[in-house]
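Asker: What follows is a single structure, and I will ask about it in a moment.
The values are calculated or read from the model by the stated rules, or taken from the named source; none is laboratory data. Just so it is clear, the structure is predicted and the values come from calculations on it, not from any experiment. Note that each Cβ is placed from the backbone with ideal geometry, even for glycine, and that neighbours are counted across all protein chains shown. Accessible surface areas use protein heavy atoms only, side chains included; no ligands, DNA or RNA. Shrake-Rupley method; radii C 1.70, N 1.55, O 1.52, S 1.80 Å.
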Amino acid sequence: MSTHDDPRHLPTSAAPGSATGTAPSQAGALEERFTDPGLPAHVHRTTDTDPKAAARAERQISMLFALSLVGTVIFVVGYFAFGLPKGENYRWSTLTLGGGMALALFTIGAGAIQWAKKLMPDEELVEKRKPVRSSDEDRQEIARILTEGGEEAGFLPRRKMIWASMTGAMGAAGLMAVVPLKDLWTRDKGESPEKQISHTLWGKGTRLAADPTGQPIKPSDVKIGGVMHVLPAVYKAGESLPGNEGRPELDVSLNDRAKAAVLVMRLAPGEYEVEKGREGWDYDGIFAYSKICTHVGCPVGLYEQTTHHLLCPCHQSTFDATRHCKVIFGPAARPLPQLAITVDADGYLVAQGDFHEPVGPSFWERG
Ligand code: FES
């Protein structure tokens, strides 16, 4: 039943069984409710009526696609000039790779939107579809409208400048996915991923510095039962902190500093075990362990003073500091790597070298 046949949709004056009827003025008001208001008058865009405006829009859109090409060039040049983000190149690498890719992709999107808004057909067409299959005449008419629309939109080679700049920009943007694949063949074999993740800033004689002050620490700074967050004492050029005079100054990335983060704690004599092969790795009961959880790399930051357990807040892996941070609970697959430490001639705590195993999450090669 259509709405016209449904008594609920009829004006009150026409409803069957109406006892009282309706005043003529009221019936007229109700009738107006059903008047089809139609569509508002169509307002043409300036690009529809002014050929100069259309040409201007075409140039603007082409300019956006040209900017995309510039972004791709920045990405490719940055990739070859600075490589992937690492060490001192971190800032420039992320700037050129990220900025180039953002510019390339954003301008392709902006160009496509401008094209649709300013130059593609802006006509409102109404097609009454009853019965569902259109007549042959209607189908031919639709085919004609679509063909004309395609021509007006520039899908057929009418807007050659947009077409050429867009295909160029999109084709060039594909280079951003392809160019980095060169590493599969040209990567420096001496810099295997395993070596990169195995090495940290720690080296023989690197001082242990409190985080965040950067102040090198002495054994007397670490109290029994206490824990300190520590980073390697390598400083940005120009910084000069007490205890660091005359030491080599390095400008290192935050990434490398974070990878070298260490927890230092002091245990009372008799509270800890030293396993064979690790004799002399602690200094007078002061132990240093990587702060990066061996599960998926969260910072292990909670120390239970009474049990000497280190807890990872992410998935509750628990490490026993009295037994070389062996895993006693949780999903971590191996102990926190230990940093062997001693003191230097000035009495500051220093590393004996780098970690003996990779820090961070466990992979197939780390057990
Ligand atoms: S990251 Fe530490 S338990 Fe998951």
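Asker: Could you look through region 33-62, keep only residues that are acidic (Asp, Glu) and without any contact (Cβ under 8 Å) to a residue 60 or more places away in the chain, and pick out the one that is surrounded by the fewest Cβ atoms within 10 Å (Cβ to Cβ)?
Answerer: Our first condition is that a residue be acidic (Asp, Glu); within region 33-62, this holds for 36, 48, 50, 58.
The next check asks that each one be without any contact (Cβ under 8 Å) to a residue 60 or more places away in the chain; those that pass are 36, 50.
Values: 36: 5, 50: 13.
Per the criteria, the residue is 36.
Asker: Quick one: in region 220-236, which of the residues that are open to solvent by 20 Å² or more (accessible area, probe 1.4 Å) and under 18 Å from residue 338 (Cα atoms) is modelled with the lowest pLDDT?
Answerer: 226
Asker: What are the residue pairs meeting all of these: first residue in region 206-218, first residue assigned to a strand (DSSP E or B), second residue of a type in the set (Ser, Thr, Tyr), Cβ atoms under 8 Å, and 6 or more apart or on different chains?
Answerer: Pairs that qualify, where the first residue is assigned to a strand (DSSP E or B) and the partner is of a type in the set (Ser, Thr, Tyr), are 207/348; 208/348; 216/348.
Asker: Where in region 271-339 are there strands (runs of 3 or more DSSP E), lying wholly inside it, with at least 2 residues that are more than 13 Å from the ligand (Cβ to nearest atom)?
Answerer: 286-290, 302-304
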